[in-house]
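Notes for the one structure printed next.
The values are calculated or read from the model by the stated rules, or taken from the named source; none is laboratory data. Every value quoted in this text rests on a predicted model; they were computed, and no experiment measured them. Reconstructed Cβ throughout: ideal geometry from the backbone, glycine too, with neighbour counts over all protein chains shown. SASA here: full protein model, heavy atoms, side chains in, ligands and nucleic acids out. Shrake-Rupley method; radii C 1.70, N 1.55, O 1.52, S 1.80 Å.
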Amino acid sequence: MNFFGFGQSADIDIVLNDAETRKKAEHKSEDGRKDKYFLFYDGETVSGKVNVTLKYPGKRLEHNGIKIEFIGQIELYYDRGNHHEFVSLVKDLARPGELTQSQTFDFEFTHVEKPYEAYTGQNVKLRYFLRATVSRRLSDIVKEVDIVVHTLSTYPDINSSIKMEVGIEDCLHIEFEYNKSKYHLKDVIVGKIYFLLVRIKIKHMEIDIIKRETTGTGPNVYHENDTIAKYEIMDGAPVRGESIPIRLFLAGYEITPTMRDINKKFSVRYYLNLVLIDEEERRYFKQQEITLWRKSDVARKSMSHQAILASQRFEGSSNPEKSQAGEKDS
């Protein structure tokens, strides 16, 4: 915009040093569109260049300083004006003065802590971005570049199976069992359902994966339930003594790791929901929480030391010394 002759007299561009080799990951934006962004892990260094290109060669650009920031922030949609920053790093690139020609500035944020997974949900957004600013008296020139952060986890040591019962006295008794309670995002849920007593006519049975996003605190708590997957177990009446196997592949669904009380602002939890419908359209439910976690796609030997440390930040993970000793043995 050029208002009374005052327009943006320079363009800013942020280029990462490893842009040609760094992997990109798909991430959903607020409007539901999917774009690809550079992928980082906790503890990795973020470095690159800020290019300030003058639009009018020969014309000086006066400024009050040039800086770049690395920011991690949470935005709750019901509280749009407030951004809750949990990471905020600043590098000054130039002192106040003037630019007489286009210039490039190097920057490096070393071993940056990125404790949470990037996330865009129904009522909340957690994002990481670089912001370069040329400070000016009337209006700053600003450029932002988003990145995506994935949090890695190791295999949980204790991963007990889930056993549950659904019962209506003298009418129905069903047991169902899942092989474990913690699954990585490309895992397979394996289970079995046993019909011990069936005196009502069940016509349909399914397992749903439900994602529950909880945002806010106190009076401003919002719950959003989203059915991620529906898996039909049977269509028709079961008989006593029958058992039905379950195999549900997670890889095809849009899921994230379980996120508990992130910066005291929001949680994302997942549940297996068993649904039975009888011939009179009555519905019976049984719900059980499961933990989802992200497994590394690359061999652990080729992961950076920082990413390995990051992968050990998991609620059931083994201790770092034990994990690294295991790597040497392999």
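Ellipticity at 222 nm from helices only: DSSP H runs of n ≥ 4 in the chain, each -39500 (n - 2.57), divided by the residue count, give -1500 deg cm²/dmol.
Once you sort the root eigenvalues of the Cα gyration tensor of the chain as a ≥ b ≥ c, which label holds: rounded (a/c under 1.5), prolate (a/b larger than b/c) or oblate (the other case)? Here the chain falls in the prolate category.
Shown is the FRET efficiency for residue 104 and residue 269, computed with R0 = 51 Å from the Cβ-Cβ distance and rounded to the nearest 0.05: 0.65. Rounded to the nearest 10 degrees, the inclination of helix 320-329 to the longest alpha-carbon principal axis of the chain is 80 degrees. Taking the DSSP beta bridges with both ends in segment 10-149, the antiparallel portion is around 95 percent. Ignoring ligands, DNA and RNA, what percent of the 1.4 Å accessible area of the chain is carbon and sulfur? Roughly 45 percent of what the probe reaches on the chain is carbon or sulfur.
Pairs from the list 24/67; 24/265; 125/264; 114/265; 211/286 with a Cα-Cα gap above 20 Å: 24/67; 24/265.
Bridging of residue 203 to aspartates and glutamates at a Cα separation below 16 Å is possible for 232, 235, 242, 278, 279, 280, 281, once same-chain residues fewer than 8 apart are set aside. Say R0 is 35 Å: what FRET efficiency, to the nearest 0.05, do residue 142 and residue 185 get from their beta-carbon distance? Result of the calculation: an efficiency of 0.50. Across segment 73-83, computed HN-Hα scalar couplings (Karplus, 6.51 cos²θ - 1.76 cosθ + 1.60, θ = phi - 60°) run 9, 10, 10, 8, 5, 7, 9, 4, x, 9, 10 Hz from first to last residue, x flagging Gly and Pro. Surface exposure of the chain, expressed per residue as accessible area with a 1.4 Å probe, stands at 55 Å².
For the options 56, 271, 194, a Gaussian network treatment of the chain with springs between C-alpha atoms closer than 10 Å singles out 56 as fluctuating the most. Sparse packing (at most 14 other Cβ atoms within 10 Å of the Cβ) combined with a DSSP loop state is found for the following GluC sites (Glu not before Pro) in segment 144-222: 169. Within segment 160-179, whose backbone N sits under 16 Å from a point 7 Å along Cα→Cβ of residue 192? Under 16 Å, as judged by backbone N against the label point of residue 192, lie 161-165, 174-179 of segment 160-179. Specify whether the C-alpha gyration tensor of segment 119-261 places it in the rounded, prolate or oblate class, a ≥ b ≥ c being the square roots of the eigenvalues: rounded for a/c under 1.5, otherwise prolate if a/b is larger than b/c and oblate if not. Verdict is prolate for segment 119-261. For segment 123-139 versus segment 63-83, the inter-centroid distance based on Cα atoms is 5 Å. Summary value for the chain: 16 percent relative contact order, contacts being C-alpha pairs under 8 angstrom separated by 6+ residues.
Basic side chains Lys and Arg get +1 at the Cβ, acidic Asp and Glu get -1 at the Cβ, and with that the dipole of the chain about its Cα centre reaches some 660 debye.
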